[in-house]
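Asker: Submitted below is the structure of interest, expressed as structure tokens.
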Amino acid sequence: MNRCKCIKVPESNNGQSKFKLNAYYEFDYIPPIKDNASYYRVFSLDENVSENFNIKAFNEHFKKY
């Protein structure tokens, strides 16, 4: 299982973030499929949150462990 830590809270559309600073989350790397670019899916089953991030945004907001 891949783990990451939130180092910068990502902004959401409504101004409320699903993610908490310095909290740990799981993530999956989704490789490119046909015309779709690769991305990371960051999630927490305990907090029932999930969001997709492109590689640049993932590296800006999360640190891998």
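The values are calculated or read from the model by the stated rules, or taken from the named source; none is laboratory data. Please read these numbers as outputs of a predicted model, since none were measured by experiment. Positions of Cβ are backbone-derived with ideal geometry, glycine not excepted, and every protein chain shown enters the neighbour counts.
Asker: Six or more apart or on different chains, Cβ under 6 Å: which pairs go from a residue in segment 32-52 that's free of Cβ contacts under 8 Å to residues at least 40 places away in the same chain to one that's loosely packed, with under 10 Cβ neighbours inside 10 Å? Could you list them?
Answerer: Every condition considered, the pairs that remain are 38/31; 38/32.
Asker: What residue, among those in segment 25-51 that are closer than 17 Å to residue 12 by Cβ and among the small types (Gly, Ala, Ser), is surrounded by the most Cβ atoms within 10 Å (Cβ to Cβ)?
Answerer: Taking the candidates together, the pick is 44.
Asker: Identify the residue in segment 1-29 that is of a type outside the set (A, V, I, L, M, F, W, C) and in contact with a helix residue (DSSP H, G or I) (Cβ under 7 Å, 6 or more places away or on another chain) and, among all such residues, is modelled with the highest pLDDT.
Answerer: The extreme case among them is 8.
Asker: Of the numbered conditions (1) surrounded by fewer than 10 Cβ atoms within 10 Å (Cβ to Cβ); (2) within 12 Å of the chain's Cα centre (by Cα), residue 22 satisfies every one except a single condition; which is it?
Answerer: The single condition residue 22 does not satisfy is (2).
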